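The values are calculated or read from the model by the stated rules, or taken from the named source; none is laboratory data. Bear in mind the structure is a predicted one, so any value in this text is a computation, not a measurement. Ideal geometry is used to build each Cβ from the backbone, glycine not excepted, and the neighbour counts take in all protein chains shown.
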Amino acid sequence: MRKSGYLILLLTIIMLAGCGHGKHQHPGKQIFYYNEAAGLVNLDPAFSRDLPHIWVCNQLYNSLVKLDNRLHIHPSIAKSWTLSPDGKTYTFLLRSDVYFHDDPVFHGKPRKVTAEDFVYSFKRLVNPKTASPGAWVFDLVADSSRGKEFRALNDSMLQIKLKKAFPPFLGILAMKYCSVIPKEAVEFYGADFRKHPVGTGPFFLKKWVENVRLVLQKNPNYFEKDKQGHRLPYLDAVSVSFLRDKTTAFLEFTKGNLDFISGIAPAYRDEILTRTGQLRSRYRKSIYMLKAPYLNTEYLAMLVDTSLQKVKESPLRLKAVRQAINYGFDRVKMIKFLRNGIGIPGQKGMIPAGLPSYDSLADYGYSYNPAKARRLLHDAGFGPQHPVPPITLNTTSDYLDLCKYVQSQLGDLGMDVHINVLPEASMREMKANAKLNFFRASWIADYPSAENYLSLFYSKNFAPDGPNYTHFSNALFDRYYVQSFSINDENKRKAMYRKMDSLVMEQAPVAVLYYDQALRFVQKKVHGMTLNPINMLNLETVKIDTEGQ
């Protein structure tokens, strides 16, 4: 965009920001408005693989357990549970006051949730005919002659048996994939269940015109209550629009026609945030900002499998060179100048801020130390007379600015780094098949456990069958990784995770760039909006000040 066009847009935004909240068409009603630029195609929880679908499914469905804003596990439809001494058998006691949404398929009769509904929902999820991308969540559930070991002991008791102990399993059950759904509705609607969802959540589907608007209405029979005993949710409805252009959505937000926006686009990042990541003063009267760690580690990955010819010929086969790269760029300045202060410099391990195992005081990791980087290169036999051979850093266009920054800083050390920009699909295929020596990557948690990040370095997880894209292999790490499954004490398991994280950092198959942060901009009339490390949209306890509507 030319400067004059940018200034016109900027002035327009500023004027709109002062116009106050838009007037909605339902005075006195608490209706929460938000936009989903990515669109929606399916309201079946078995297909809730990305944030847009997870957010809507979180309003429609419930699972056995749920996570709070600190990722602690709490009861949901399961009011309590026990774990066998060997860590392999979970027995859940269900609430007796949970009902599915009213739906014609129930012929006007209330339909209570039972343990058999969970057995059906879970078996449907893993059934190949369902073709759910979430079937993997039950890979560790034991198999019997009748299939996976999900058992309804009676209407209110559910039992799940695992092949082996896996402490993160309880957190996996909080995923929307694991939501309970009724067999009658799935069989009645068939393929159309995707647009006729029947769940137990705080809202039910009222209307959905695809790519235009989706409306959820308050579930009057929702089982959750607040501390004062009032039935949740407080909102009367949720209205979702599907504006594809994020700048247009931002303009609608500044006019008060949207109640919140999540994240930030480059087009309006400098308009709303200062260089240090603070909300600009002209917006502070009408909106507020929420910021929290997000379970996403952004990093540079280095292929270290010396059985591969391309690694044998690369200077990245040397630990000293990998460590020099880690010391060779300033993460603090990178966050300040390239991301407006959004993100936490990646100066510790792979485990991101937001997880209990993250340690901001850890004695491992890397900070900017060019002198130490030069010493490491010198000790590896490199210097002005014998420079490090050229290295190619592969990235997609979205991260070109960050990679150019790293390129410049490593250039100051005498390292010749070339940047290769690849299409996203090519990048994904090439890193999975060990075709790239050096590339930008990220890992967003599948479930809230440090184990999920450490699995990237387990030798039996080599890509493409697993997530170990660097082909890191270390016998001691593998032993620690397997041992962690049998540690039921949370503090001891946390200590083991940190020990593993430290070992990875010392070997340096990755250079952590930053730990991401989630951002939300919220109208001041909205109360009770929260933010958490998995960026879940929880609307159960949100209220809207309706005065003036």
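Results, tabulated for the structure shown:
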{"item": "2 or more residues crowded, with 19+ Cβ neighbours inside 10 Å: qualifying strands (runs of 3 or more DSSP E) within the range 377-468", "result": "391-395, 438-444"}
{"item": "Residues being surrounded by 20 or more Cβ atoms within 10 Å (Cβ to Cβ) and at pLDDT below 95 - total across the range 72-128", "result": "0"}
{"item": "Residues satisfying the stated conditions in the range 365-376, i.e. assigned to a loop (DSSP other than H, G, I, E, B) and crowded, with 22+ Cβ neighbours inside 10 Å", "result": "366"}
{"item": "Qualifying residue in the range 397-411 (condition: within 19 Å of residue 457 (Cβ to Cβ), acidic (Asp, Glu) and in contact with a helix residue (DSSP H, G or I) (Cβ under 8 Å, 6 or more places away or on another chain))", "result": "no"}
{"item": "All positions within the range 172-188 that are in contact (Cβ under 8 Å) with a residue 40 or more places away in the chain, in a helix (DSSP H, G or I) and out of contact with any Cys (no Cβ under 6 Å at 6 or more places or on another chain)", "result": "172, 177, 178, 183, 184, 185, 186, 188"}
{"item": "Test for residue 497: is it part of a strand (DSSP E or B), aromatic (Phe, Trp, Tyr) and modelled with pLDDT of 95 or more", "result": "no"}
{"item": "Residue within the range 183-200 that is among the basic types (Lys, Arg) and touching a Ser or Thr at 6+ places or on another chain (Cβ under 9 Å) present", "result": "yes"}
{"item": "For residue 122: the one exception among (1) assigned by TED's automatic domain parsing to the domain that holds residue 545; (2) within 17 Å of residue 157 (Cα to Cα)", "result": "(1)"}
{"item": "Selection status of residue 272, among the β-branched types (Val, Ile, Thr) and in contact with a helix residue (DSSP H, G or I) (Cβ under 7 Å, 6 or more places away or on another chain)", "result": "yes"}
{"item": "Yes/no for residue 504 being part of a strand (DSSP E or B), within 24 Å of residue 346 (Cβ to Cβ), hydrophobic (A, V, I, L, M, F, W, C) and assigned by TED's automatic domain parsing to the domain that holds residue 306", "result": "no"}
{"item": "Check on residue 342, surrounded by fewer than 22 Cβ atoms within 10 Å (Cβ to Cβ), under 17 Å from the mean Cα position of the chain (by Cα) and among the hydrophobic types (A, V, I, L, M, F, W, C)", "result": "yes"}
{"item": "Subset of the range 251-269 that is farther than 15 Å from residue 522 by Cα and out of contact with any helix residue (DSSP H, G or I) (no Cβ under 9 Å at 6 or more places or on another chain) - its residue that is modelled with the lowest pLDDT", "result": "266"}
{"item": "Among (1) touching a residue at least 24 places away in the same chain (Cβ under 8 Å); (2) touching a Lys or Arg at 6+ places or on another chain (Cβ under 8 Å), the one test that residue 265 misses", "result": "(1)"}
{"item": "Search result, residues across the range 142-157 that are at pLDDT 95 or above and within 19 Å of residue 127 (Cα to Cα)", "result": "142, 150, 151, 152"}
{"item": "Filter result for residue 282 (among the basic types (Lys, Arg) and either touching a helix residue (DSSP H, G or I) at 6+ places or on another chain (Cβ under 7 Å) or more than 30 Å from residue 447 (Cβ to Cβ) (or both))", "result": "yes"}
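Yes/no per residue for (1) assigned by TED's automatic domain parsing to the domain that holds residue 240; (2) free of Cβ contacts under 8 Å to residues at least 24 places away in the same chain; (3) under 28 Å from the mean Cα position of the chain (by Cα):
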site: 67; (1), (2), (3): no, no, yes
site: 72; (1), (2), (3): no, yes, yes
site: 99; (1), (2), (3): no, no, no
site: 109; (1), (2), (3): no, yes, no
site: 117; (1), (2), (3): no, no, yes
site: 127; (1), (2), (3): no, yes, yes
site: 134; (1), (2), (3): no, no, yes
